[in-house]
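Scroll down for the structure; my scribbles are underneath it.
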Amino acid sequence: MDTKEFLKEHAVYQIYPISFCDSDGDGKGDLKGIVSKLDYIQSLGIRIIWLSPIYASPMKDFGYDISDYKSVNPLFGTMEDFDLLMEETKKRGIRVVMDLVVNHTSDQHPWFREALKDKNSKYRDYYIFREGKKDKKGRYLPPNNWTSNFTGPAWEEVEGEEGMFYLHIFTKQQPDLNWKNSAVLREVEDIMRFWMDKGVYGFRCDVISEIYKTTLEDGNPKAGIGRPIGMEHYLAQEGNHRILKTLRKDVIDPRGGVLIGECGGNITPEDGRKFLDGELDTFFEFDYANCYKNVFSADVSEKKLKKILIRWQKEVDWNGNYLENHDQRRVFGHYVRGKYADYGAKMLLVLLYTLRGTPFIYMGQEYGAHNYPRPLKIRDCQDIVTQNVYRLARSYHVPSFLASKIAHKYGRDDERAPMAFHSGPGYGFSAPGVTPWEPYNPYSSVYNAEKEEGDGDSILSFFKKVNLLREENKVLSYGSISFDEKDPQKDVLAYERKLGDRTFVIVLNLSNKKRKIPESVRKEKGKKLLLTNYKEASSFLRPYEALVFLK
Ligand code: GLC
């Protein structure tokens, strides 16, 4: 099958390796663990997996800080284990997408170490070093007012070089690469070829919309909550588009691969269209992820969600549709809550699989993995964002219980809890008695793969049905999409997918209240119900009800 079509016709299943399956009893997932679960992944009907980074890394940001792009982190195994993974996935008709993190490297990468050691080394220009500004008292301040995505200034003074700083738009252990230097481009192309020659299908490109820094002028200090200062100088820049076109032409197209981009920073649909024009095959944008009711609450506003979905679906023709990942909370207690939440989780699966674009499923989402029932103690949180946000809130004298709540909303520990393959000790993630790197989630004994496999009404069984529906009906991948925008209900979504003479009608109650079936759907006579998350259809919409009809 044509390589691009493959990504259009199949969903992508994301694996966060450290939390997936631990084969050697160190409490951390690894490559052999993944290999041991490939039959499970295949049983779900999955054809593409995306591996979060498995490269050598000091793990300050759990692999998103790479110190050697061509080797496997010993924590996850060896290159032989990786080759085995490629072999075993191939046998099962599963393709593998790697994470490519090239906005920055780790500060332990030999390029950066060399750049620090020798100012005249060619590696100095692989990064962005600048002299700071002096204040009135002659002390050095950073070269500009930019802040990091992870809070605090985006510049770090170089040890032993007074007044000299380097840029890091994430943690200080993640120095930004200088994409104005063509040597960086050549290095990255070489890395991509290396992995593609091993048979990988393509790359999920980390924060790819932010790699090119057009200028280093001060940013607008009123950037807005959650948006780092300075972003207007590096978000979705022309230079960024040029680079992606080059990578595509030099490496991806000749090998028949795909590029999936993480495009943060609230890009616009217009930016999105540009990224799809000879650059990326699909991308993630963040409007979905940020439609909270307000800054303090982790509850999603269904009204905002509906508006955002319609806007992106109408204006861009191939979105990467996701709700959960290693940076975003599980949908429970966030998108769906209360006693009907399980119906809600199923309804959201229908949403992901029936919108236009590629569906992205985060490991565990298939059986309804939950966030922790209550925030973990801050000292048990592993994520740097959770820690930073907590510290920041405390520095404003926010009481510790509230600081912890806010830290959990923005932090990323919940979604990184170990997988639950069964209810027994270790939950199939690790051997009994092993302490996992991130605490087990108590919900694991209720929501886990084995338990749900034996239950026809479970979230897992429903997941398989939804996945199969899209596999078997090309209208869900290639069909046009049109929304019922006349229905006055702000939390009910109704749309049609149409390909040739086949039309699917989808109705979703995004709320946990009773709602009406939209008039446009009610008046369609003779439609056939193909899928529902309740036992049978009724004359109104029950909480979180999802209906898929063939017209
Ligand atoms: C992306 C990754 C996230 C990481 C950040 C910096 O947003 O998904 O996990 O912390 O980039 O690399």
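Of 318, 254, 348, which is farthest towards the positive pole of the chain's charge dipole, taken about the Cα centre with +1 and -1 on the beta-carbons of Lys, Arg and Asp, Glu respectively?
Projecting each Cα onto the dipole axis, the largest value belongs to 348.
Kirkwood hydrodynamic radius, region 110-167, all distinct C-alpha pairs: what's the number in Å?
Averaging 1/r across every pair of different Cα atoms and inverting gives 12.1 Å.
Need one number: the % of Cα-Cα pairs in region 20-101 sitting beyond the 22 Å mark.
Value for region 20-101 (Cα pairs over 22 Å): 22 percent.
Which Cα, out of 463, 479, 449, lies furthest along the positive dipole direction of region 443-487 (beta carbon charges, K/R +1, D/E -1)?
The residue sitting most towards the positive pole is 479.
Placing +1 at every Lys and Arg Cβ and -1 at every Asp and Glu Cβ, with all other atoms neutral, what dipole size does region 437-551 have around its Cα centre, in debye to the nearest 20?
Charge dipole, region 437-551, about its Cα centre: 680 debye, nearest 20.
Give me the percent relative contact order of region 110-167, please, defined on Cα pairs under 8 angstrom at least 6 residues apart.
28 percent
Let me know the Rg and Dmax you get for region 168-214 when you use only its Cα atoms, in Å.
Gyration radius and largest Cα-Cα distance of region 168-214: 12.4, 34 Å.
Return 165, 540, 275 ranked ascending by Cβ neighbour count within 10 Å, so the fewest neighbours appear first.
Fewest to most other Cβ atoms nearby, the residues stand as 540, 165, 275.
For region 150-302, what is the largest minus smallest coordinate of the Cα atoms on each principal axis, given in angstrom and ordered from greatest to least?
Per principal axis, max minus min of the Cα coordinates gives 52, 45, 26 Å.
In what sequence do 76, 6, 129 fall when counting other Cβ within 10 Å, fewest first?
Ascending Cβ contact count within 10 Å gives the list 6, 129, 76.
If you place +1 on the Cβ of every Lys and Arg and -1 on the Cβ of every Asp and Glu, how big does the dipole about the Cα centre of region 110-167 come out, in debye to the nearest 20?
With Lys and Arg at +1 and Asp and Glu at -1, about 200 debye.
Just to check, using Stokes-Einstein with a Kirkwood Rh over alpha carbon pairs, what's the diffusion coefficient of the chain at 37 °C and 0.692 mPa s in µm²/s?
My calculation gives 135 µm²/s for D.
Kindly flag which residue pairs out of 304/464; 303/498; 274/551; 451/498 have an alpha-carbon separation exceeding 27 Å in this structure.
304/464; 274/551; 451/498
Provide the gained length on full extension for the span residue 304 to residue 159, in nm with one decimal, where the gain is 0.36 nm per separating residue minus the Cα-Cα distance.
Extra length available between residue 304 and residue 159 comes to 47.6 nm.
May I ask you to sort 127, 544 by Cβ crowding, counting other Cβ atoms within 10 Å and putting the fewest first?
In order of increasing Cβ crowding within 10 Å: 127, 544.
Expressed as a whole percent, how much of the Cα-Cα distance distribution for region 478-550 exceeds 14 Å?
57 percent
Per residue, what volume in Å³ does the convex hull of the Cα atoms of region 92-216 enclose?
Per residue, the Cα convex hull of region 92-216 comes to 119 Å³.
Along the principal axes of its C-alpha atoms, what lengths does region 278-343 span, in descending order and rounded to whole Å?
44, 26, 24
Where nothing but the Cβ of Lys and Arg (+1) and of Asp and Glu (-1) is charged, how large is the charge dipole of the chain around its Cα centre, in debye to the nearest 20?
Taking the Cα centre of the chain as origin, the dipole is about 2180 debye.
First measure r as the distance between the Cβ atoms of residue 537 and residue 377, then evaluate 1/(1 + (r/R0)^6) with R0 = 51 Å and state the FRET efficiency to the nearest 0.05.
0.65
Taking a 24 Å limit on the Cα-Cα distance, which of the listed pairs 37/465; 346/516; 4/37; 474/513; 490/513; 70/249 fall beyond it?
Beyond 24 Å between Cα atoms: 4/37; 474/513.
Of the DSSP beta bridges with both residues in the chain, give the percent that are antiparallel, rounding to the nearest 5.
Bridges in the chain are about 55 percent antiparallel.
Taking the Cα centre of each part, how many Å lie between region 45-60 and region 210-227?
29 Å
May I ask you to list the lysines whose Cα is less than 17 Å away from that of residue 60, ignoring any residue fewer than eight positions away on the same chain?
Within the straight-line limit of under 17 Å, residue 60 reaches these lysines: 28, 172.
Run the numbers for residue 222 and residue 88: contour at 0.36 nm per residue of separation, minus the present Cα-Cα distance, in nm.
Length gained, residue 222 through residue 88: 43.2 nm.
Once every DSSP H run of n ≥ 4 in the chain is given -39500 (n - 2.57) and the sum is divided by its residues, what mean residue ellipticity at 222 nm do you get, rounded to the nearest 500 deg cm²/dmol?
-8000 deg cm²/dmol
Any idea what Rg and Dmax come out to for region 434-478 if you just take the C-alpha atoms, in Å?
Calculated on Cα positions, Rg and Dmax stand at 15.3, 46 Å.
Where a number appears in this text, it was derived from the coordinates with a stated rule and is not lab data. Everything numeric in this text was worked out from a predicted model, so none of it was measured. Cβ: placed from backbone, ideal geometry, glycine included. Neighbour counts: every protein chain shown.
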